[in-house]
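The values are calculated or read from the model by the stated rules, or taken from the named source; none is laboratory data. These numbers were taken from a predicted model, which means no experiment stands behind them. Neighbour counts run over all protein chains shown; Cβ positions are idealised from the backbone, glycine included. Calculation scope for accessible area: heavy atoms of the full protein, side chains included, ligands and nucleic acids excluded. Shrake-Rupley method; radii C 1.70, N 1.55, O 1.52, S 1.80 Å.
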Amino acid sequence: MTTAPITTAGTARKRPAPARIALHIGLIAVLLVMLYPLAWLLATSFKPADEVIASLKLLPSHFEWGNYSTALDGVNEVGVGRLLWNSLLIACGAVLGNVISCSLAAYAFARLRFRMRGPLFAFMIATIMLPHHAILIPQYIIFNQLGMVNTYWPMILPKFLATDAFFVFLIVQFMRGLPRELEEAARIDGCGPFRSFFSVILPLTRPALITTAIFTFIWTWNDFFTQLIYLFEPEKFTLTLALRSFVDASSQSAFGPMFAMSVFALLPIVLFFLAFQRFLVEGMASSGLKG
Amino acid sequence: MTATATRPQSAAPSATGGKRAPKRERQGAAWVFLSPWVLGATVLTLLPMAVSLYLSFTDYDMFDAPSWVGFRNYTQMFTEDPRYWRSVGTTLTYVVIAVPLQLVLALAVAIALKSVKRGKGFYRSAFYAPSLLGASMSIALVWRAIFNDGGTVDNLLSDVGLDIGGWINKPGWAILSVALLTIWQFGAPMVIFLAGLQQIPAELYEAAAVDGASWWRQFRSITIPMLSPVLFFNLVLQMIQAFQVFTPAFAVSGGKGGPADSTLVYTLYLYDRGFTASHMGYASAMAWVLLLAIGVVTAVLFRTSRAWVFYANDTHEGGR
């Protein structure tokens, strides 16, 4: 960073070095403020009870590993391992459902001609804007009638029916960018629509599918509202829902373990983010463009 | 002119359509691919919408059969329920504070990032990270602690002589902390802005610079018009999301919407009526008003967009 300005200083279009350095300083300053809550979370999860509040210092005087062992015991006699497993089960079920059903629907919308395609596509887009609450109560009643309240089906089953229109749209946008000639060639070779979908289009759609998978995982993992209304047995709780019991209790002695548990709940998202940030950022960018 | 240029192109496939013999078979295939979505859209979207509309005219507690009460839920909501109006006011306050500030910050950082050469990928990812983490209960709990009495924000502010105390316990300030959590997640719209900025042809700026246009003039006459479709997209999306805020308000107030109902956002009150008080009919009526409100706001935005959203590359339609 220090040598670059000198070598490129001659170019007319480049900004002068001080302006560029000021820009970086400004961006890093904003970034530091933004990352503070995350640093605070991590630091607090290691703090002994008496240091949690009242001390402005970010770093604890000594690392209190006890917070983590308390957190491992979980909440309501249900250990973290179990909670983690429950969260994973829901998130992976949702990922599987979304990837399968959304890519099927997207293929029809993006690459096949059929009657009613226009109106149905418009309806699908409209459901992106539909507030979840407008369908929430009847959905709850339906799942209640089916005996599925306090099971994971209300979180997973809708995903197999492509109810997340956002992802259908995302995959449609991606599939539209693939050249038409691919299928024409496949058709000449004797492929029907099913063969061209599985053998030609789907493999090429992989980036969009990965984006869908990661976003579904993270959003399902974080989702609080659905889990709150459908799950009530502590055995079935997810990590997110287990954190809820800390919401009611305001005793500060539980602060350390509570944030240790929060770290457990955030860790998979952070790991996913670090591993797949390119897909996430690009997936987000492309969803808003080419509309 | 643009319309006549694109029309022959889109008409071309149907001209050669005669060669595509198995057209009916392909129609059938389309419906097979579409079947999960069709099932979901009917059983889990359209049907529930109709049912919730019906329930909104009933008294229903999940145990006894719904009893028809006509418009009573609605009249009660609008004329006899101060908490309802409280929740409307709280939500509007939150939306009006959070959405514009989030978008302004997103645009500002995107513009700054556009001219960054080194470390652009790093910045982009780092600014984006809170958008994924921020929706979690974990971060909502962090927020409650930071803005609580004796929390970091309280300490910092009293150090500079502003003794507000814990925001969480102060009506008026508590909802502001929720808004700040939303503003904190400006990374998602920022990434979309940045992608939009990169599609603006550099020649436009070069020509403007030759004409001696100032930075501000270029921003107003090139950046904003060229970016207006993306700006519009972000505005609609963030607005719709903001109307449905739930988790941070729940966490900050311990699920109660306090203090003094000051964080009782619309969906939190809806949850309270429907799932805590078992007034499913009333909650359904609230849901339908929310649906209509979001519909009206979106429609108004689309209407006004004709005046300020500028679609530059209509001619490239059908490109990749």
Long-range amide H partners of B:Thr58 with built H, under 5 Å: B:Val69
Net charge of neighbours whose Cβ lies under 12 Å from the Cβ of B:Tyr74, counting Lys and Arg as +1 and Asp and Glu as -1: -1
Selection of chymotrypsin sites (Phe, Trp or Tyr not before Pro), region B:253-283, meeting DSSP coil and at most 10 other Cβ within 10 Å: none
Pairwise Lys count, the protein assembly as shown - Cα closer than 29 Å, eight or more residues apart or different chains: 15
Relative contact order [Cα under 8 Å, 6+ residues apart], region A:98-249, whole percent: 35 percent
Buried accessible area, chains B and A (both chains, 1.4 Å probe, Å² to nearest 100): 8600 Å²
Length-normalised contact order of chain B in % [C-alpha pairs under 8 Å, at least 6 apart]: 27 percent
Qualifying chymotrypsin sites (Phe, Trp or Tyr not before Pro) for region A:39-128 [loop in DSSP, other Cβ within 10 Å: at most 16]: A:Phe63, A:Trp65
Positions from region A:140-176 whose accessible area shrinks by 30 Å² or more when the full protein complex is built, not the chain alone, probe 1.4 Å: A:Tyr140, A:Ile141, A:Ile142, A:Leu161, A:Thr163
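Starting from the Cα gyration tensor of region B:224-320, take the square roots of the eigenvalues, sort them a ≥ b ≥ c, and report rounded, prolate or oblate (rounded when a/c is under 1.5, otherwise prolate if a/b is larger than b/c, else oblate). Intermediate values should be presented prior to the final figure.
Numbers: a/c = 3.36, a/b = 2.46, b/c = 1.37.
Note, shape of region B:224-320 comes out prolate.
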Relative contact order (%) - criterion: Cα under 8 Å, at least six apart; region: chain A: 30 percent
Net charge contributed by nearby residues that have their C-beta within less than 13 Å of B:Asn155 (K/R +1, D/E -1): -3
Long-range HN-HN contacts of A:Val78 with modeled amide H, under 5 Å: none
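Counting only heavy atoms of protein chains, what accessible area per residue, in Å², does chain B have with a probe of 1.4 Å?
Working: 14840 Å² over 320 residues.
Counting only protein heavy atoms, the per-residue value for chain B is 46 Å².
What value does region B:21-116 have for Rg/Rh, both radii from Cα atoms and Rh as Kirkwood defines it? If you can, show how the numbers build up before the last one.
Working: Rg = 23.6 Å, Rh = 18.9 Å.
Here Rg/Rh amounts to 1.25.
To the nearest 500 deg cm²/dmol, what mean residue ellipticity at 222 nm is calculated for chain B from DSSP H runs of n ≥ 4 alone, each contributing -39,500 (n - 2.57), summed and divided by the residues? Provide the component values of the computation, followed by the final result.
On the way: 16 runs with 205 residues, N = 320.
Helix contribution divided over all residues of chain B: -20000 deg cm²/dmol.
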Span-like helix ranges in chain A, DSSP H, alpha carbon extent 30 angstrom or more, Kyte mean at least -1.0: A:17-44, A:80-111, A:255-287
B:Val116 versus A:Leu59: modelled label distance in nm, points set 7 Å from Cα along the beta carbon direction: 2.6 nm
